[in-house]
Amino acid sequence: MNKPKILIIDDEKNIRESIKRTFRQDDYLFYEAENGQQGLDQVEKEKPHILILDLNMPIMDGRQFLKKLKPKVSDPFSILVLTGQGFEKEIKYCYEHGARFFLGKPVSKYEMRGLVKNMIALERFKEKSKSELSIVYDALASSPSGTVIIDLKGVVTYANSAFYAMFQFDEKENIKGKRLINVIQMAETDVLQSLINTENDGKRVAKEMQVKFKDRDSMFMEVTTSNVSDHEDNIIGRMISFEDITKRKQSEQKQKIYARDLAKSLKDLKISQQNLQKAYLDTIYRLSIVAEYHDKDTGRHIIRVSYYSEIIAKNMGLSNQVIWDIKYAAPMHDIGKIGIAPDILNKPSSLNKEEFDLVKKHPQIGKMILSNSESSIIRMAEDIAAYHHERWDGGGYPDGLSGEEIPLSARIVALVDVFDAITTERPYKKPFSIDVACEIIRNESGKHFDPQVVKIFFDSLDEFSKIMQDLENITPKKVATYFQ
């Protein structure tokens, strides 16, 4: 046999290509067929050594192919059937029609590659000699896997150099004629015996195990067993391969530890971010309350404005980010009042012109305090503080903006601030009813207020009423919790 010929019969091109990629490091010749009929033609033309067969195909499926193939082939070759899990009847049928190797789907490329290597080794053996195992021994001699062949009694008939090296035997020590279970001094002899005794019905059986030796460090191995048959397909023993996968397992263990540590770090980071966010929002609350410090309604006003603004933004269908930002930006609308004398802010009577002109400076003061921030909340708060006293008709202050020149966030807060001012007690007035507030806001639609914001306000009145009730008797100590 020069280059092993492998025929892949599968109706899906991507699967055929995937199988070929599995053997890209090997010097094999590949032939392809899309169905059983094409497969029969390729068998007759190319005479492959190995056949990889899918069962479910159009025109002629794998079962029909095997049935028609058997009488056509005088010298059977190795057939690997790809089958689903739990299809024992299919496996039995295929076995009765000449297939001796099976892999369950989804197929591991490592299993397939290892199995095909063993199949090729057996084909080489059958091609050169149908009665002597020496040829297959030669093929296995170059295998990197430690491989032994045992007879049906478990007695070693062959062991390659890799096997001697793996188990630290001197090759001068002939282990032929000894029972394998006695040769390998490992802790889990019962696991190995179970693999040897497994009735595999022609299928390759593979298992990963940690081999614990009595006198040296343990190793991770992939142990595979497959039947050895003579040229008449009579089972005469088993071939058992041991592949050292210790480095791979150690790498997997390191990856698991890394993944666990990464998950913990991410969890800790999330907690830190949450704590930082709480501290950030709490700072905003405390900064906002400075401007209301001399108001006996301390805190409640900014919380109501916060929740009212959130309701309007949500019912306008704004993005979650905008809703979040306005909830925490709105309380800072009057932050500029820090620069206004408390006796003017709390004057029980009407302000004179000079006093009112001083009060009208608080938007510019607020803008100056909040300017040049990288935070989306603070940037929105800057707009709100600067423009929540502008009017839709252009008659407001400080810049006389009108319509959509006024940022939407400021238009929303302009309305809810007036609503809260009307319905709550202030130093210069008693609270008015919600009905009175609604009448004033309705009359100011298109004048003081954005008509769209007014519409959403009236659609949200029940939610406004609930906020008023919830906050009516709340203590100042609990006000801050509403802001988190």
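Of note:
- Residue-span extension gain [LYS70 to LYS153] - 0.36 nm each, minus C-alpha spacing: 26.8 nm
- Prolate/oblate/rounded call for region 343-484, Cα gyration tensor, a/c under 1.5 rounded: rounded
- When Rg and Dmax are taken over the Cα atoms of region 1-118, they come to 13.1, 37 Å.
- Positive minus negative residues near VAL155 (Lys, Arg vs Asp, Glu; Cβ under 14 Å): +4
- Note on ARG21 and SER319: with the Förster distance fixed at 45 Å, the Cβ-Cβ geometry gives a FRET efficiency of about 0.50.
- Note on SER142 and LYS270: the model spin-label points, each 7 Å out from Cα along the C-beta direction, lie 5.4 nm apart.
- GLU44 paired with ALA263, simple spin-label distance in nm, labels 7 Å along Cα-to-beta-carbon: 5.8
- From most to least packed by mean Cβ count within 10 Å, the peptides 411-419, 254-262 give 411-419, 254-262.
- Cα gyration tensor shape for region 348-408, rounded if a/c is under 1.5, else prolate or oblate: oblate
- Fewest-first ranking of PHE167, PHE458, using other Cβ atoms within 10 Å as the exposure measure: PHE458, PHE167
Readers should treat all values here as calculations from the given coordinates under stated rules, not as data from a laboratory. All of these numbers come straight from a predicted model, not from anything done at the bench. Cβ: placed from backbone, ideal geometry, glycine included. Neighbour counts: every protein chain shown.
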